[in-house]
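This report refers to the structure that appears directly beneath it.
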Amino acid sequence: MKPTLYSYWRSSCSYRVRIALNFKEVEYEYRPVHLVNDGGEHKKSEFTELNPKQEVPFFIHGSHSLSQSMAILQYIDDQWPQPELFPKDAKLKSQCLQLCEIINSGIQPIQNLKVMSVIGKRYNADEKEKASWSRYWIVEGFKALEKELEKTSGHFSIKDTVTVADLFLVPQCYNAKRFKIDLENEYPKIFKVYKNCFELEEFRRALPEVQPDAPDKNPV
Ligand SMILES: N[C@@H](CCC(=O)N[C@@H](CS)C(=O)NCC(=O)O)C(=O)O
């Protein structure tokens, strides 16, 4: 039975799940949820009934439905075990999760759309201030990631095999580039892994701009 992924082309958390589904060669139905138009489709009652957290990704497989990319990725890895995306070795797995969490709890949530919207409304932050806030948290997290990758990385984040750490890293780098962060010169280890990932079509097919709801596919 084909799973369904509720996604938004530029959502970094949905991007993580798209890469995993590509690696597992799982065919899925892509359901776009526009996070901006008309105040955000994710805030409408139809979507809120599915996911009260009002976020993408949201994943449905048969009668099972899930939000939270880490939970979704774990479920996907359990349901479709090959190729394994979580290392089996206890030390490598814990390092892999450490890298994920630097992004999952230390970067992405602090500069999420809803956080930026509250900052704008409560503190009158303009677009320039909001961008500077986002950059601050990306830089803060990337400094730590760069150091950790010095210990763990090979061709990918954890040695030479793709793991969920890469599935978190690549979308966060994509987001960092939007904020004009110079990955190549400031974070050479991050940049190297990011570049290596794009040798693989599983990463390329998950890129925001090739998703069905990417704006150049739907010119207004
Ligand atoms: N911890 C969640 C975060 C999900 C999340 O923040 N999704 C963003 C897009 S990347 C979203 O839907 N934001 C809607 C909003 O901020 O209003 C996960 O990993 O799935």
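The values are calculated or read from the model by the stated rules, or taken from the named source; none is laboratory data. Note that the structure is predicted; figures quoted are calculated from it, not measured. Cβ placement follows ideal geometry from the backbone for every residue including glycine, while neighbour counts extend to all protein chains displayed. Heads up: the accessible areas ignore ligands, DNA and RNA and are worked out on the full protein's heavy atoms, side chains in. Shrake-Rupley method; radii C 1.70, N 1.55, O 1.52, S 1.80 Å.
For (1) closer than 21 Å to VAL118 by Cα; (2) within 11 Å of the ligand (Cβ to nearest atom); (3) of a type outside the set (Asp, Glu); (4) without any contact (Cβ under 8 Å) to a residue 12 or more places away in the chain, each residue gets a yes or a no:
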{"residue": "ASP38", "(1), (2), (3), (4)": "yes, no, no, yes"}
{"residue": "THR48", "(1), (2), (3), (4)": "yes, no, yes, yes"}
{"residue": "ASN51", "(1), (2), (3), (4)": "yes, yes, yes, no"}
{"residue": "ALA71", "(1), (2), (3), (4)": "no, yes, yes, yes"}
{"residue": "PRO81", "(1), (2), (3), (4)": "no, no, yes, yes"}
{"residue": "PRO87", "(1), (2), (3), (4)": "no, no, yes, no"}
{"residue": "ALA90", "(1), (2), (3), (4)": "no, no, yes, yes"}
{"residue": "GLN95", "(1), (2), (3), (4)": "no, no, yes, no"}
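Quick check on my filter: what residues within the range 101-146 are among the β-branched types (Val, Ile, Thr) and within 16 Å of the ligand (Cβ to nearest atom)? Break it down stepwise before answering.
Of the range 101-146, the ones among the β-branched types (Val, Ile, Thr) are 102-103, 107, 110, 115, 118-119, 138-139.
Selection gives ILE102, ILE103, ILE107, ILE110, VAL115, VAL118, ILE119, ILE138.
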So PRO215 fits all but one of (1) in contact with a His (Cβ under 7 Å, 6 or more places away or on another chain); (2) over 20 Å from ILE158 (Cα atoms); what number is the exception?
(1)
Filtering the range 1-20 down to residues that are within 12 Å of the ligand (Cβ to nearest atom) and assigned to a loop (DSSP other than H, G, I, E, B), which residue is farthest from TYR174 (Cα to Cα)?
TYR8
Restricting the search to the range 36-86, which residues are among the polar types (S, T, N, Q) and surrounded by fewer than 12 Cβ atoms within 10 Å (Cβ to Cβ)?
ASN37, SER45, SER63, GLN82
Looking only at residues in the range 135-154 that are open to solvent by less than 40 Å² (accessible area, probe 1.4 Å) and in contact with a Phe, Trp or Tyr (Cβ under 8 Å, 6 or more places away or on another chain), which one is farthest from PRO109 (Cα to Cα)?
GLU146
Does any residue in the range 191-220 that is within 17 Å of PRO57 (Cα to Cα) come within less than 7 Å, Cβ to Cβ, of a residue that is modelled with pLDDT of 95 or more and of a type in the set (D, E, K, R) six or more places away or on a different chain, and which pairs are these?
ALA206/ARG18; PRO208/ARG10
Tell me, please, whether a residue that is farther than 30 Å from LYS43 by Cα and either in contact (Cβ under 8 Å) with a residue 40 or more places away in the chain or acidic (Asp, Glu) (or both) can be found in the range 99-111.
yes
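Kindly check whether there is at least one residue in the range 196-207 that is in a helix (DSSP H, G or I), more than 24 Å from SER132 (Cβ to Cβ) and open to solvent by 50 Å² or more (accessible area, probe 1.4 Å).
Restricting attention to the range 196-207, the residues satisfying the condition of being in a helix (DSSP H, G or I) are 196-197, 201-204.
Applying the additional criterion that residues be more than 24 Å from SER132 (Cβ to Cβ) yields 196-197, 201-204.
With open to solvent by 50 Å² or more (accessible area, probe 1.4 Å) added as a condition, the list becomes 201, 204.
Among the residues of the range 196-207, at least one is in a helix (DSSP H, G or I), more than 24 Å from SER132 (Cβ to Cβ) and open to solvent by 50 Å² or more (accessible area, probe 1.4 Å), which makes the answer yes.
Filter the range 4-35 down to residues that are aliphatic (A, V, I, L, M) and either at pLDDT below 95 or surrounded by fewer than 18 Cβ atoms within 10 Å (Cβ to Cβ) (or both), then give me how many there are.
Step one: list which residues in the range 4-35 are aliphatic (A, V, I, L, M), which gives 5, 17, 19-21, 26, 33, 35.
Filter once more, so that each one left must be either at pLDDT below 95 or surrounded by fewer than 18 Cβ atoms within 10 Å (Cβ to Cβ) (or both): 26.
Looking only at that region, the number is 1.
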Considering the range 21-36, residues that are more than 19 Å from LEU167 (Cβ to Cβ) and of a type in the set (A, V, I, L, M, F, W, C), and then whichever is nearest to the ligand (Cβ to nearest atom), we arrive at LEU35
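If we keep just the residues of the range 102-126 that are in a loop (DSSP other than H, G, I, E, B) and under 16 Å from the mean Cα position of the chain (by Cα), which is surrounded by the fewest Cβ atoms within 10 Å (Cβ to Cβ)? Spell out how you get there, then give the answer.
Within the range 102-126, the first condition is being in a loop (DSSP other than H, G, I, E, B), and the residues that meet it are 105-107, 112, 124-126.
Subsequent filtering for residues that are under 16 Å from the mean Cα position of the chain (by Cα) retains 105-107, 112.
On the way: SER105: 12, GLY106: 15, ILE107: 25, ASN112: 17.
Among them, the one singled out is SER105.
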For the range 208-215, state whether one or more residues are open to solvent by 40 Å² or more (accessible area, probe 1.4 Å), under 19 Å from LEU5 (Cβ atoms) and either of a type in the set (A, V, I, L, M) or in a loop (DSSP other than H, G, I, E, B) (or both).
yes
